[in-house]
Amino acid sequence: MAFASKTILFALFGSLPALVLPVLLEVFLATRQNKWLGLILPILSALSALALFALVLLNLIGGAGAVTPLLLFGALALIPPAVLFLTYWLCRRWLARKTAADEMTQMNIQDL
């Protein structure tokens, strides 16, 4: 029993960096001045999810009644690209607001 709980804890905390690091990298890239840098990870993630979905579709094409697992896999495969696109959108929105506030402050200083 103790071995199973240690294995579960290792699986949870061992995979945590693999889940967090792409999001942190996306935040870093999305807050750069070049907006295309922030789209690299979401696009690559979406393309890989679609490629995996196509492979699963080709493997299941011979079996009947395999629509539910296929749809479930497709939905699960698109979660990481959705998270990365959401992170990109939120960071770009924050950056636009910050830039507008900085410009407004600069104009107020110049008006004095």
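Side notes on the structure shown:
- Burial ordering of Asp102, Asp111, fewest other beta-carbon atoms within 10 Å first: Asp111, Asp102
- Phi to ³J(HN,Hα) by Karplus 6.51 cos²θ - 1.76 cosθ + 1.60 over segment 7-12, Hz, x for Gly, Pro: 5, 5, 4, 5, 5, 5
- For the chain, a Gaussian network of Cα nodes joined below 10 Å ranks Gly38, Gly14, Gly74 by mean-square fluctuation, and the top entry is Gly14.
- Across segment 80-86, coupling constants 3J(HN,Hα) worked out from phi with the 6.51/-1.76/1.60 Karplus curve, θ = phi - 60°, read x, x, 5, 5, 5, 5, 5 Hz, and Gly and Pro carry x.
- Environment charge of Leu86, counting only residues whose C-beta is closer than 12 Å and scoring Lys/Arg +1, Asp/Glu -1: +1
- Extension gain for Leu24-Trp36 works out to 2.7 nm (0.36 nm per residue, less the C-alpha to C-alpha distance).
- Cα-derived Rg to Rh of the chain, Kirkwood definition: 1.21
Where a number appears in this text, it was derived from the coordinates with a stated rule and is not lab data. Quick caveat: nothing in here was measured; it's all calculated off a predicted structure. Using ideal geometry, Cβ is built from the backbone for each residue, glycine included, and neighbour counts are taken over all protein chains shown.
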